[in-house]
Amino acid sequence: MKKNDVVIALAGNPNSGKTTIFNALTGSRQRVGNWPGVTVERKEGKTDLDGRQVTVVDLPGIYSLTANSLDERVARDFIVQDRPCLIAVVLDASNLERNLYLSLQLMELKAAPLVLVFNMIDEVEEKGMSIDLEGLSELLGIPIVATAAKKNRGIQQLKKVLAEQVTLGAAAPPAIPFRYRENTEFAIERLIQRLGEDPSLSQSSPPRWLAIKLLEDDREYLARLEKSPLRDSILEDLGVLKKETEKGIGYDLETALVEERYGFINGLVKEFVKKSWGLEDRLSLSDKIDKVLANRLMGLPIFFFLLWLIFKLTFDVGGFFVHYIDQLFTALGNQAAALIQALNGPSWLASLVEDGIIGGVGSVMVFVPIIFFLYLAISLLEESGYMARGAFVMDKIMHAMGLHGKSFIPMVVGFGCNVPGIMAARTLENPKDRIITILITPLMSCAARLPIYVLFAGAFFAKHQGTVIFGIYLLGIVLAMLMARIFKSVFFKGEPAPLIMELPPYRLPSAKSLLLSAWHRCFIFVQKAGTVIFLAVVAVWCLASLPLGVEYASQESIVGRVGSIFAPLLEPIGFGFWQAAVALIFGILAKEIVVGTLGTLYGAGEETLAGAIASQFTPVSALAFMVLSLVYIPCAATIGAVRKETNSWYWAIFTVAYTLVLGWLLAFLIYQGGNFLFP
Amino acid sequence: MCPLSLCATGERVKVEKIAGGCEVRRRLEAMGVLPGEEMEVVSCHCGPVILNIKGCRLGLGCGMAQKILVTPVKSSR
Ligand SMILES: Nc1nc2c(ncn2[C@@H]2O[C@H](COP(=O)(O)OP(=O)(O)O)[C@@H](O)[C@H]2O)c(=O)[nH]1
Ligand SMILES: [Mg+2]
């Protein structure tokens, strides 16, 4: 983002459709979901307005300009400090009573000219409401555009209005037709006068806004006074003014100010919005669903049932395809090797293609169908509106375990990939809750670990494959909660923040958006297989073929020797052979590489790979291996995310250390215990 | 006047007072929960509460619901 770029910010309440609009404007594919807190960082994109390239910035949702959590701070700071040229305020038009509050604050702030985007206009129509857009726009002196971003309606009109506003440039925003009651206004005026005596104060924000914030006792604005030489006398006056005004009103000023804003908005809604009866139908359907899903007693069993259903679907439907894809890859490998031989190609090339690429990358790729269905199920959870309910239902248990209801969301997102899961922890207001959540999210089984489970469970527990894998997922959840409990009582004593969460209405996601979303994530998985995993597998193949003349993938090769150094550590947990050590070490780069490496070393597609594994492991040691893979050291990207989000190497290293120790101990218990019970 | 957590499902109530820190209060106020406001208790089982406020559904954890003091109002519907 360069200095004199035209920057348009998208601001608005969570879940009002900002990201959907951002995607429509810029052609991006940022994640959209039906719960507050999907977007946690600012995203930039370019769009073309009448031949002019402008930058559009998508921001996390906020309810007001007072930020409570990290994601809200990102949005607030961008609006207040980075000063975009134009702010497009996205509102859920079916709920103006609440959504207009932020708009009103932005009008008071006067940071930039505004355009109001009344999104979800389709829901407004469905509910039989009608909004007098022209009247409202005229009264407020701000352009209003109606859109239904999900259906791509109104986007052209929005572009047109944005283009107009951008060309108009930064004309002074119009005065807003909103006054507080008389004695409040009197106090504001007096304070503005006082603040005017120190011109440095009104540089960063308009004096009226500053005065209002000071009357509200806003800590951040009070801090700005600290530097002023007039600090003491202004504070004294502020105290007197507040006391006098409160005497006039009868209760505290801060509440009165908020109340008056809502009063004004209520007036607007009464005047410009026509509702018809029976419009609450949709929401009451949501309420009916909530009677079951968000029920105190049923909520939890239903959550586990849903989880189980996801696995059933993933394995039964996805697994069906795996077999075929596997055959395809094996045939491909054989053909390629035969072809190279037929052309008198060097035998090392045949080995690279058959063992390395097909054996390694192929053994990961066969799981694409399973992963596709997993992503499909996760997208369904995200788009339907269930995520917010999950946070709500789990709040009590999470509290007992030292977490916060909202920790549920990073955990579920973590099933797809731990990195966005860790990012999603930004919505937790309390820094302690947030760090605990970040530390335990790596224990969630991500899609990249799934191939390991499928491979091993398939080789040893074919009849109960689904159950075993489901068990591993549950184990991840249980471990996460236990560790949270421990971290809480060791590092982070204190009460978690109370849960306050909007529950958006349930929405039936369209098949198209679900498929697209799953396809998109799957594509990233395939892309990763084609790049990172490909390179890692080729590296493993090279190291397994060197030094020259050594038998491929023998203990004398470089990987063999390196693996042999670590193998004794794995002896007590059941798989003290070097191949396992090498797979686990390379797996730290990315968890898919565990299977990729085994595939390369045992030089085979999945079916024969399963055979090779069956000869090296026992059912008990296979179980220990799966559990170790779940817990031990998160992948490099996840370690990076922990470091970035906690802003400390300390927590990143701590995560590596505790997961390694915990994973080894569990595997030890399983292997030794299992052998003791089933000798 | 009683804590929100003790209200029954379906009751209409008016907020009287929000106890608890000013951060929490600001947060609630930004979402429309402020003294004098009327709202409907969509579900409450002596713990977490779902509210209908200004047409939005707001979920509050147990701890939070205990800190909001309300009085019942006669249902207008
Ligand atoms: N009915 C309807 N739903 C929409 C519209 N725009 C967005 N949505 C849905 O609203 C939810 C929230 O959208 P999102 O863009 O993630 O909101 P954000 O939190 O403001 O970024 C998603 O489930 C979208 O599919 C719209 O115009 N009409
Ligand atoms: Mg978003």
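Restricting to helices (runs of 4 or more DSSP H) lying wholly in the stretch A:1-114: which have 3 or more residues that are closer than 24 Å to B:Arg27 by Cα and more than 14 Å from ligand 2 (Cβ to nearest atom)?
Fully inside the stretch A:1-114 and qualifying: A:70-81, A:96-109.
Could you check A:Lys18 against (1) near ligand 1 (Cβ under 8 Å from one of its atoms); (2) farther than 19 Å from A:Arg521 by Cα; (3) at pLDDT below 90; (4) away from chain B (no Cβ under 14 Å) and say which number it fails?
Every condition holds for A:Lys18 apart from (3).
Rundown of residues vs (1) free of Cβ contacts under 8 Å to residues at least 24 places away in the same chain; (2) open to solvent by 20 Å² or more (accessible area, probe 1.4 Å); (3) more than 7 Å from chain A (Cβ to nearest Cβ), yes/no style:
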position	(1), (2), (3)
B:Ala8	no, yes, yes
B:Arg12	no, yes, yes
B:Leu28	no, no, no
B:Leu34	yes, no, no
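Of these, A:Glu592, A:Glu645, A:Glu571, which one is in the same structural domain as A:Ser545 (by TED's automatic domain parsing) and more than 24 Å from the chain's Cα centre (by Cα)?
Only one candidate qualifies: A:Glu571.
A:Met401 - would you say it is open to solvent by less than 30 Å² (accessible area, probe 1.4 Å) and out of contact with any Ser or Thr (no Cβ under 7 Å at 6 or more places or on another chain)?
When the stated conditions are applied, A:Met401 does not pass them.
Residues to consider are A:Ala497, A:Ala580; find the one that is crowded, with 16+ Cβ neighbours inside 10 Å, within 14 Å of chain B (Cβ to nearest Cβ) and under 30 Å from A:Ile653 (Cα atoms).
Going through A:Ala497, A:Ala580 in turn, just one is crowded, with 16+ Cβ neighbours inside 10 Å, within 14 Å of chain B (Cβ to nearest Cβ) and under 30 Å from A:Ile653 (Cα atoms): A:Ala497.
Give me the pairs: first residue in the stretch A:73-87 and over 18 Å from A:Gly37 (Cβ atoms), second residue of a type in the set (Ser, Thr, Tyr), beta-carbon distance under 8 Å, and six or more apart or on different chains, which are they?
A:Val80/A:Ser205
Kindly check whether there is at least one residue in the stretch B:46-53 that is among the small types (Gly, Ala, Ser) and under 19 Å from A:Leu293 (Cβ atoms).
The answer is yes, given that some residue of the stretch B:46-53 is among the small types (Gly, Ala, Ser) and under 19 Å from A:Leu293 (Cβ atoms).
Could you say which residue among A:Ile435, A:Ile422 is part of a helix (DSSP H, G or I) and buried (at least 24 other Cβ atoms within 10 Å of the Cβ)?
The conditions single out A:Ile422.
Which condition number in (1) open to solvent by less than 50 Å² (accessible area, probe 1.4 Å); (2) facing chain A (nearest Cβ under 9 Å) is the one that B:Leu51 fails?
So B:Leu51 meets the others, but not (2).
When residues of the stretch A:517-537 are filtered for being free of Cβ contacts under 8 Å to residues at least 12 places away in the same chain and not aromatic (Phe, Trp, Tyr), how many remain?
Count: 4.
If you check B:Gly21, B:Gly63, which single one turns out to be over 18 Å from A:Arg261 (Cα atoms) and more than 7 Å from every other protein chain (Cβ to nearest Cβ)?
So the residue among B:Gly21, B:Gly63 that is over 18 Å from A:Arg261 (Cα atoms) and more than 7 Å from every other protein chain (Cβ to nearest Cβ) is B:Gly21.
Can you pull out every residue in the stretch A:128-162 that is closer than 27 Å to A:Phe178 by Cβ and not hydrophobic (A, V, I, L, M, F, W, C)?
Within the stretch A:128-162, A:Ser130, A:Asp132, A:Glu134, A:Gly135, A:Ser137, A:Glu138, A:Gly141, A:Pro143, A:Thr147, A:Gly154, A:Gln157 qualify.
Among the residues of the stretch A:19-31, which ones are among the hydrophobic types (A, V, I, L, M, F, W, C) and crowded, with 23+ Cβ neighbours inside 10 Å?
A:Ile21, A:Phe22, A:Leu25
Applying the selection to the stretch A:210-249, what residues are open to solvent by 60 Å² or more (accessible area, probe 1.4 Å) and either within 14 Å of chain B (Cβ to nearest Cβ) or at positive phi (or both)?
Matches in the stretch A:210-249: A:Asp217, A:Arg219, A:Glu220.
Since A:Ala462 meets every condition but one in (1) open to solvent by 30 Å² or more (accessible area, probe 1.4 Å); (2) touching a residue at least 24 places away in the same chain (Cβ under 8 Å), which condition does it not meet?
The one condition A:Ala462 does not meet is (2).
Every residue in the stretch A:291-308 that is part of a loop (DSSP other than H, G, I, E, B) and either surrounded by 14 or more Cβ atoms within 10 Å (Cβ to Cβ) or of a type in the set (Ser, Thr, Tyr) (or both), please.
Hits for the stretch A:291-308 are A:Ala294, A:Asn295, A:Arg296, A:Met298.
Mind checking which residues of the stretch A:72-101 are open to solvent by 10 Å² or more (accessible area, probe 1.4 Å), farther than 22 Å from A:Trp209 by Cα and modelled with pLDDT of 90 or more?
Correct list: A:Asp92 only.
Residues that are surrounded by fewer than 16 Cβ atoms within 10 Å (Cβ to Cβ), at least 3 per element: which helices (runs of 4 or more DSSP H) completely within the stretch A:606-679 meet that?
Answer list for the stretch A:606-679: A:606-616, A:636-646, A:649-677.
The values are calculated or read from the model by the stated rules, or taken from the named source; none is laboratory data. Everything numeric here is computed off the predicted structure, so don't read it as measured data. For neighbour counting, all protein chains shown are included, and Cβ atoms are generated from backbone atoms with ideal geometry for every residue, glycine included. Only protein heavy atoms, including side chains, enter the accessible area calculation; ligands, DNA and RNA are left aside. Shrake-Rupley method; radii C 1.70, N 1.55, O 1.52, S 1.80 Å.
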